[in-house]
Amino acid sequence: MLGTFLAMAGINRLYGLNLFALNLVIGLVIAAVVNSMAASARTLHRRRTQQNAPQRPPTQPPPTRQQWTQQDPPTRYYDR
């Protein structure tokens with residue numbers, strides 16, 4: 001960002017650039033820097049969460065209806 005700003009300042013002294021062009025270039029450079037910082041922060045966050053994430057135990061599939069009725073038959077309001 002600093003290098004681009006210095007280059008634009010030097011070109012401005014030689015050729016007298018329009019103020020709009022200077023503001024446009026500075027805005028684009030700032031946007032690129034912010035985008036780069038956000039991308040690196042996302043990558044760093046992703047790496048840290050993957051390293052510190054606890055390992056999940058393997059899950060068992062849910063019981064089928066036949067297994068469910070054999071284990072614990074459902075109670076209905078009229079069974080009480």
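The values are calculated or read from the model by the stated rules, or taken from the named source; none is laboratory data. Treat the numbers as computed from the prediction; the structure is a model and nothing was measured. Every residue, glycine as well, gets a Cβ built from its backbone with ideal geometry; the counts of neighbours run over all protein chains shown.
One table, with the values for the structure above:
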{"quantity": "Qualifying residues in the stretch 9-65 (those that are basic (Lys, Arg) and surrounded by 10 or more Cβ atoms within 10 Å (Cβ to Cβ)) - the one modelled with the highest pLDDT", "calculated": "42"}
{"quantity": "Any pair with Cβ under 8 angstrom, 6 or more apart, that starts in the stretch 29-57 at a residue that is assigned to a helix (DSSP H, G or I) and ends at one that is exposed (fewer than 10 other Cβ atoms within 10 Å of the Cβ) and modelled with pLDDT of 85 or more", "calculated": "none"}
